[in-house]
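Below you'll find the structure, written out as structure tokens, and then a few comments.
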Amino acid sequence: MAKKSYVGCCGSCKNCDLTDSYTALYTTTFKCTRYNRSVRADEDACSKFEPDRKRTNDLIEKYDR
């Protein structure tokens, strides 16, 4: 299975709280602190995307179940 790439996705945005998540129907969603809504880590980022330079694909994948 190929690894996912989270580059340019919500999971690599500093507004995505990877510690605030829930899983339903095999999909994990995280809280976007900027818009107070749920997003998927691999969802295309919005126009307010702010990359978190400290986040790696491996770190995001750890939280994305």
**Message:** I'd like the accessible area for THR23: 1.4 Å probe, protein heavy atoms, all chains in place, Å² to the nearest 10.
**Reply:** 70 Å²
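Run the numbers for VAL7 and LYS48: contour at 0.36 nm per residue of separation, minus the present Cα-Cα distance, in nm.
Details: separation 41, 0.36 × 41 = 14.76 nm, distance 1.49 nm.
So the extension gain works out to 13.3 nm.
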**Prompt:** Rounded to a whole number, what % of the accessible area of the chain do carbon and sulfur atoms account for, probe 1.4 Å?
**Reply:** 50 percent
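What accessible area per residue, rounded to a whole number of Å², is obtained for the chain using a probe radius of 1.4 Å?
Details: 4620 Å² over 65 residues.
That works out to 71 Å² per residue.
The values are calculated or read from the model by the stated rules, or taken from the named source; none is laboratory data. All of these numbers come straight from a predicted model, not from anything done at the bench. Accessible surface is based on the protein model in full, side chains and every heavy atom, while ligands, DNA and RNA are left aside. Shrake-Rupley method; radii C 1.70, N 1.55, O 1.52, S 1.80 Å.
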